[in-house]
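Trainee: One structure follows; several queries about it will come next.
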Amino acid sequence: MRPEFLRIMAKPLAPSRLLPSGDSAITVEFSRNVDDAANQRVLALDRTLARDRIAGVTETVPTYRSLLVHYDPLVIGFDALSEKLAALAKLPVPPATITRRWRIPVAYGGEHGIDLEDVAKTLNATPDDIVARHVAGDYRVAMIGFTPGWSYLSGLEDSLQMPRLQNPRLLTPAGTISIGGVQAGVQCLAGPSGWHLLGRTAVRTYQLHRQPTFLLEPGDRVTFSVVDHKTFAEQDRAAAAGEIIAELMAS
Amino acid sequence: MSRLAVTSIGPASSVQDGGRPGSQRYGLVPSGAMDRLALAAANVLVGNPPFTAAIEIGPFGASLTARDGAVRVALSGARRNADIAKRPVAFDSSVTLADGESLTLGFARGGSFSYLAIEGGVQGESMFGSLAVNARAGLGSPYPRPLQAGDELRVADASGAAERRIDLASVADAPIRVLLGPQDDEFGDDMKKLFLDSEWKISATSDRMGYRLEGAVIRHLHGHNIVSDGTVNGSIQVPGNGSPIVLMRDRGTSGGYPKIATVISADFGRFAQIPAGRGFRFKAIGMAEAQEALRNFVKEIATLPDRLRDIESFDLNLEALQDANVAGSAISAVDAQTWQVPSPAETVTPD
């Protein structure tokens, strides 16, 4: 058993709140904040529900601080499901049995990371420092949401945390690697974003007609590596043809 | 095999079905028809299972032509002028287009979306168990985008089955029922009361992702940023400007604004059909009532096939003429303005 696990067990668990999200979903809220311990509990409850299925539960959506449980009220009612979820949410967080670790190559700066210089200036550092700090991070997929494959990571080091843009950009490129607030992100599809763009990866976390269609799972570990822009271009062609590009490391 | 060729079609028209639930944990929203009851009624009329892929037609007009054979179709949902070679076509009835004939549809009246079901369904490649268009995710078949003039759908040849009609209960003009939460505690009692007591209108800057509401300004107790949290169809989130946004079928799967309430499942389609600019109200109910309403809604869809009737020729003409007369020349400009403007930033920004 890891010391981290013992530490979590020793602390009494804050009670969860069960909130109705309409008539066919319940939000199990562990915290109101971005909170690593809460996210561990979210992912633990998610694993439990995947293993010990409750009749009527149709799908679960983990986020940083809550688990959204969709259900069919024709199979199980709100009160019965709330009772079961409340009991499961009280259980101590078991260590994840299998943790996958991915290494994702990133081309930083220049046209692929248009905010790198500004981020460096704001944080009184050089662009190389920023890249070094971002690459040194050991991240966990806290949730995937908003659009397909948009992976929100926890584990951003304190010195890289800065407020999001006042005016979000309406279009940012596919594969954008960015930071925003206390979060780091791997964005899959082109789309709007208010985060700071550090670089791009060729890795598609969502790609139709590829097995698997979705690469990352909530709870996976992620590290980044630096590639030059020429390598990015080669990897991007290979990824378009269906290669996964991200390396699966021994965990 | 016949084809249905799109001669002209307005924006916000796409192939939709029951959607693709099951991958929201990867950020993939289920999408699917805005008004499931209307989709189901149109499908049942042509002998399809209720959530077969059909054409969801937005507030503007359209014209579709049968090619290489006859095509049997049925219209349900928002009323509009409809004719085949100047012969009026009734809603909630099946009808067959002979090879080469065109179905011409006007602007929607008193609603936003009509459903054109095709006997045998739209042919396409199912992705995650659905043909529903989700342009953002590159999903949908045969085209992963809204329909355009020049598109062609492969469809079955008309079977020649007798035409059918169905009597649907007229849509109640009752308040839209909501359950408070999940973040109603981010709002004071005065604001919850204001939300429930106000008359609201759907803004013209609305789309399949979200409907913006105009009316009161709802203030938060602790600011408008919460840590991102899962969303459902009908989540009513309140961004910083205090104007609520109701999340619709193409919503983001997570969002970072407090959600004051959620439209109940049974009223979602009725809400989706409210035209921009028309006043309506919300009403808070309890969980037991919401789930009872859902059971009744599911039962209504399940019993649609039992309510089909044979068509008498005078039925058809009366109904169609009535529809045509109601229309007159006074097309609501407000209806027609909906869905022209891209999504408001609040519904499309990650947090």
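Trainee: Straight-line reach from B:LYS193: which lysines have a Cα under 30 Å away, not including same-chain ones fewer than 8 places off?
Mentor: B:LYS201, B:LYS259, B:LYS283
Trainee: Would you kindly compute the Cα radius of gyration of the stretch A:3-89 and its largest Cα-Cα separation (Dmax), both in Å?
Mentor: Rg, Dmax (Cα atoms, Å): 12.9, 44.
Trainee: On to the next question. Which values, in whole Å and largest first, are the semi-axes of the equivalent ellipsoid of the stretch B:146-248 obtained as the square root of 5 times each eigenvalue of the Cα gyration tensor?
Mentor: Each semi-axis is √(5λ); the values are 39, 19, 13 Å.
Trainee: If amide H atoms are built 1.01 Å from N in the plane of the peptide, which residues on other chains or at least 5 residues away come under 5 Å of the amide H of A:ARG164?
Mentor: For A:ARG164, whose amide H was placed from the backbone, the distant partners under 5 Å are A:GLY181.
Trainee: Per residue, how much accessible area does the protein assembly as shown have with a 1.4 Å probe, in Å²?
Mentor: I get 39 Å² per residue for the protein assembly as shown.
Trainee: Of all accessible surface on chain B at a 1.4 Å probe, what whole percent is carbon and sulfur?
Mentor: 53
Trainee: While we're looking at this one, here's another question. With every protein chain left in place and a probe of 1.4 Å, what is the accessible surface of A:VAL226, to the nearest 10 Å²?
Mentor: 90
Trainee: Out of the total accessible area of chain A (probe 1.4 Å, heavy atoms of protein only), what percent is carbon and sulfur?
Mentor: Here it works out to 54 percent.
Trainee: Based on the Cα gyration tensor of chain B, what are the three equivalent ellipsoid semi-axes, each the root of five times an eigenvalue, rounded to whole Å and given largest first?
Mentor: Semi-axes (√(5λ), whole Å): 35, 21, 18.
Trainee: Please list A:GLU111, A:GLU234 from largest to smallest accessible area, probe radius 1.4 Å, with all protein chains kept in place.
Mentor: A:GLU111, A:GLU234
Trainee: Volume per residue, Å³, of the convex hull around the alpha-carbon atoms of the stretch A:185-231?
Mentor: 120
Trainee: Okay, moving on. Just give the residues from the stretch B:13-54 buried by at least 10 square angstrom of accessible area in the all-chains context relative to the isolated chain, probe 1.4 Å, and say none if nothing qualifies.
Mentor: Residues losing area: B:GLY22, B:GLN24, B:ARG25, B:TYR26, B:GLY27, B:LEU28.
Trainee: Moving to a separate point now. What share of all Cα pairs of the stretch A:166-251, in percent, falls into each consecutive 5 Å distance bin?
Mentor: Each 5 Å bin holds this share of Cα pairs: 3, 13, 23, 25, 21, 12, 3, 1, 0.
Trainee: Among residues other than A:ALA240 whose Cβ falls under 15 Å from its Cβ, what is the net charge (Lys/Arg +1, Asp/Glu -1)?
Mentor: +1
Trainee: I would also like to ask the following. Evaluate 2.2 N^0.38 Å with N set to the residue count of the stretch A:43-166, then give the Cα radius of gyration divided by it.
Mentor: 1.43
Trainee: Please give the helix A:36-51 orientation as an angle from the longest Cα principal axis of chain A, in degrees from 0 to 90, rounded to the nearest 10.
Mentor: Here the helix axis deviates by roughly 60 degrees.
Trainee: Just the projected area, averaged over all directions, of the convex hull on the alpha carbon atoms of the protein assembly as shown: how many nm²?
Mentor: 27.5
Trainee: Chains A and B: buried accessible surface, both sides, probe 1.4 Å, rounded to 100 Å²?
Mentor: Summing both chains' loss of accessible area gives about 4000 Å².
Trainee: Follow-up. Any number yet on Rg/Rh for the stretch B:81-217, C-alpha, Kirkwood?
Mentor: Taking Rg over the Kirkwood Rh, I get 1.06.
Trainee: On to the next question. Could you tell me the convex hull volume per residue, in Å³, taken over the Cα atoms of chain A?
Mentor: Spelled out: Cα convex hull of chain A, divided by residues, is 145 Å³.
Trainee: In chain B, with Lys and Arg counted as +1 and Asp and Glu as -1 at Cβ, which of these residues, B:VAL227, B:GLY106, B:PHE91, has the Cα nearest the positive end of the dipole, that is, farthest along it?
Mentor: Of B:VAL227, B:GLY106, B:PHE91, it is B:VAL227.
Trainee: Still on this structure: The stretch B:233-303: D in µm²/s via Stokes-Einstein (Kirkwood Rh, Cα pairs, 37 °C, 0.692 mPa s)?
Mentor: Taking Rh from Cα pairs, D becomes 242 µm²/s.
Trainee: Let me ask something additional. May I have the pair-distance distribution P(r) for the stretch B:176-302, computed from all Cα-Cα distances with 5 Å bins from 0 and rounded to whole percent?
Mentor: All Cα pairs, binned at 5 Å, distribute as 2, 11, 22, 25, 21, 13, 4, 1, 0 percent.
Trainee: Could I ask something else about it? Relative to the first principal axis of the alpha-carbon coordinates of chain A, what is the inclination of helix A:78-89, with its axis defined by its Cα atoms, in degrees from 0 to 90 and to the nearest 10?
Mentor: The two axes meet at around 60 degrees.
Trainee: Keeping every protein chain in place, order A:VAL135, B:VAL232 by accessible area at 1.4 Å, biggest value first, i.e. largest first.
Mentor: Final ranking, largest accessible area leading: A:VAL135, B:VAL232.
Trainee: With Rg and the Kirkwood Rh both taken from Cα atoms, where does Rg over Rh land for the stretch A:101-249?
Mentor: My calculation puts Rg/Rh at 0.93.
Trainee: Now for a separate question. Can you give me the angle between helix B:287-302 and the longest principal axis of chain B, using Cα atoms only, in degrees from 0 to 90, rounded to the nearest 10?
Mentor: So the inclination is approximately 10 degrees.
Trainee: Something else: Report Rg(Cα)/(2.2 N^0.38 Å) for the stretch B:2-166, keeping two decimals.
Mentor: With N residues counted in the stretch B:2-166, Rg over 2.2 N^0.38 Å equals 0.95.
Trainee: Right, here's the next one. Provide the per-residue ³J(HN,Hα) series for the stretch A:23-34, in order, calculated from phi with Karplus coefficients 6.51, -1.76, 1.60 and θ = phi - 60°, each as a whole number of Hz, with x at glycine and proline positions.
Mentor: In residue order, the calculated couplings are 8, 9, 7, 10, 8, 9, 9, 9, 7, 9, 10, 6 Hz.
Trainee: Compute the accessible area of each residue in the stretch A:22-64 twice, once for its chain alone and once with every protein chain present, using a 1.4 Å probe on heavy atoms, and list those whose area falls by at least 40 Å².
Mentor: SASA drop of 40 Å² or more in the stretch A:22-64: A:GLY22, A:ASP23, A:ARG32, A:GLU59, A:VAL61.
The values are calculated or read from the model by the stated rules, or taken from the named source; none is laboratory data. Because the structure is a prediction, the values reported are computed rather than measured. Cβ atoms come from the backbone with ideal geometry, glycine included; neighbour counts cover every protein chain shown. Surface areas here come from the heavy atoms of the whole protein model, side chains and all, with no ligands, DNA or RNA. Shrake-Rupley method; radii C 1.70, N 1.55, O 1.52, S 1.80 Å.
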